[in-house]
Structures are given as structure tokens and as C-alpha cells.
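The values are calculated or read from the model by the stated rules, or taken from the named source; none is laboratory data. On a predicted model such as this, the values are computed, not experimentally measured, just so you know. Neighbour counts are summed over all protein chains in view; Cβ atoms, including those assigned to glycine, are modelled from backbone coordinates with ideal geometry.
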Amino acid sequence: MSEHAAEVLWERKGQTFLDKRYRRCYTFQFDGGARVPGSASPHVVPPPLSDEQAVDPEELFVASLSSCHMLWFLSIAAEQQFCVDHYRDSAVGWMEQASNGKPAMTRVTLRPEVRFSGDPLPTREQLDEMHHQAHEACFIANSVKTEIACEPLYTTL
């Protein structure tokens, strides 16, 4: 078992609050010291009560799934002696009404683009299998009900 911590800090800073017109901007602080500005999604709470420049929970959810998949993929590729030079994922998540009638992140699609160098280069089948193994191993994907699809781009093999 391992423990992972994050601190979320919001302060009123003189806002009236009870009129519900307070800013939904805050700070994430992680155990390594990284500080990241956070906000409610501007799709949920319009600016200026949210900050389009900050990271919102929905984006963090998508980024968490994407980065977990990437880290497993890199590990699997290295284990199989495929040299990865570049990995980029343009992941997208959709907020929709779930079967219980509540809004939820119901789908996330990962669109990884991977470039390799050296010899050997993976075949398309090997690349598909590495993505499948990464998905199966991903701690975050194993922790959620969301449908997760992986649509790798093959133009850069």
C-alpha cells in the first residue's frame, strides 16, 4: 500500500460568499512541493467566478488517466527494447448525464502519438498490444467506471 497526498487550498479573501458570487479559484499543492492553480471549469461556473487559465477537476481527471497510461506504456516499451523518442497524447473527456441521471465524466479517449527510433521498431500489432497492456496496468483506469478508449495514431512509426 502506498499513500498519495494533495492539498487543495481556497480562501474567501473578503468575498461576500453567501450571495454565491465567490470565485471558485484555488491552489493544488502536492507532496513534492509543486503548486498548480485550480478552478471550477468555465463550462460549469462562468468567468470571472472561474479562471480559464487554471486547471479544473475534469481536466485533471483526463490528465490523470492519460499520464498513467503513458507511464505504463513507456515502461512496457523499454522492457520490450523499443526506444521511444516522443510520446504525446491529445486526450479528451466528455461530461455527460450518466445512467443514474447525474453528470459524470462518462468517456475518455486517449489519442497517443508515439515515435520510436533504432532497431527494432514495433509493428502495428505490437504497438496495439503495448497500449492494451498499459491500459490493463493503469492504476487510475482500474479505479474508475468511466469508459476509456485508446485510439493510437500510427502515422509516426
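Could you list, in sequence order, the residues of the stretch 42-70 that are touching a residue at least 40 places away in the same chain (Cβ under 8 Å) and surrounded by 14 or more Cβ atoms within 10 Å (Cβ to Cβ)?
Residues satisfying the conditions are E58, F61, V62, S64, L65, S66, C68, H69, M70.
Among the residues of the stretch 68-87, are any assigned by TED's automatic domain parsing to the domain that holds Q133, modelled with pLDDT of 95 or more and of a type in the set (D, E)?
Yes, that holds for at least one residue.
Which of the residues belonging to the stretch 79-117 are assigned to a loop (DSSP other than H, G, I, E, B), touching a Pro at 6+ places or on another chain (Cβ under 8 Å) and either in contact (Cβ under 8 Å) with a residue 60 or more places away in the chain or surrounded by 15 or more Cβ atoms within 10 Å (Cβ to Cβ) (or both)?
Correct list: F82, R111.
Counting only residues that are in a loop (DSSP other than H, G, I, E, B) and touching a residue at least 12 places away in the same chain (Cβ under 8 Å), which one in the stretch 13-41 is surrounded by the most Cβ atoms within 10 Å (Cβ to Cβ)?
A40
Given the condition of a type outside the set (S, T, N, Q) and either in the same structural domain as F139 (by TED's automatic domain parsing) or under 26 Å from R88 (Cβ atoms) (or both), answer yes or no: does some residue in the stretch 45-53 qualify?
Yes, some residue in the stretch 45-53 is of a type outside the set (S, T, N, Q) and either in the same structural domain as F139 (by TED's automatic domain parsing) or under 26 Å from R88 (Cβ atoms) (or both).
For the list (1) over 19 Å from the mean Cα position of the chain (by Cα); (2) touching a residue at least 12 places away in the same chain (Cβ under 8 Å); (3) loosely packed, with under 15 Cβ neighbours inside 10 Å, I need the number of the one condition that F139 fails.
(1)
Which residues, taken from the stretch 111-155, are among the aromatic types (F, W, Y) and within 23 Å of G93 (Cα to Cα)?
F139, Y154
With the checklist (1) over 20 Å from E59 (Cα atoms); (2) among the hydrophobic types (A, V, I, L, M, F, W, C); (3) over 16 Å from the mean Cα position of the chain (by Cα) in hand, flag the one item F73 doesn't pass.
Unmet condition: (3).
Confirm whether P42 is outside the structural domain of H132 (by TED's automatic domain parsing) and within 30 Å of E3 (Cβ to Cβ).
No; evaluated as a whole, the condition is false for this residue.
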